[in-house]
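Computed from the coordinates by the stated procedures, all read-outs in this text should not be read as laboratory data. The structure presented is a predicted model; accordingly, all values stated were derived computationally and were not measured. Note that each Cβ is placed from the backbone with ideal geometry, even for glycine, and that neighbours are counted across all protein chains shown.
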Amino acid sequence: MYEIVFLKLRLIKMKIRFLIAFAFCFSCYLSIAQDTISFPKHQVGAAYLGSSFTRPGAVFSHQYHLWGVDKTKETKKGKIKPRFWELSLINRAGFYNHKQNHFAALLSTGAQFSFVRKKGRFASFGPQIGYLHRFLNEDTYVVGENGAVERKRFAGNAQFTIGLQTRFGKDFSYNNPDNSFGWYLGSNLLWAMPFGTGVVNSSLIELGVFYSLSKK
């Protein structure tokens, strides 16, 4: 009975890993292949990543501009107010360390909806899906088939994640085309499963910079 349940859980985990790998590879393909879309723009970024604000790590990202619309308006007094709506595809890879507990590695892909105002100030949000693997930091031991106690290397668990990311920052290229840098402060709320028989949520915070590889 327990062997059947264990095998079913392993099959579910394998299917989840395959779906995450497929989604991540497909989004990377879209990022490279769709250079004919209007206003193409590639951005790469690096940021401090903190789990629950205190557990340190880092995250690296690639963002691809898929679509944009200019909503610039002119007031009754003739003042121009630049406004833009954008849709981007974002892929992320990162890690963090929870001292004396676990080391976590994560991959995610998702959509990013951005509202950009004068001088490049922006706010964005979007859903994401991903893969999270936690490796236990302390030595872990198991009882082998012969009854002997053995050390288990890379003990941990793999989880499928869904989440919501928000960002606030500034893209300097809107105000100065020769300046390709920008900065952002971001937060992520993730739900990871399976965690035992349920779901566990995690909060992540980011503070980083990005660089535009191609102009609008």
For region 120-203, with the dipole built from +1 on Lys and Arg beta-carbon atoms and -1 on Asp and Glu ones, taken about the Cα centre, which of Tyr184, Asn146, Ala158 lies farthest toward the positive end?
Tyr184
Pop the C-beta distance of Met193 and Trp67 into the FRET formula with R0 = 30 Å and round what comes out to the nearest 0.05.
0.45
Quick check on my link table: of Lys79/Lys170; Lys99/Lys170; Lys99/Lys152, which ones sit more than 31 Å apart, alpha carbon to alpha carbon?
Lys99/Lys170
Counting sequence-distant residues (5 or more places) and residues on other chains, those with an amide H built under 5 Å from that of Ala155 are Leu136
Contour excess over end-to-end distance, with Cα ends at Leu213 and Ile80 and 0.36 nm allotted per residue:
45.1 nm
Gain upon complete extension [Phe60, Asn179; 0.36 nm per residue less C-alpha separation]:
40.8 nm
Between Ala111 and Phe125, what is the label-to-label distance in nm when each label sits 7 Å out along the Cα-to-Cβ direction?
1.4
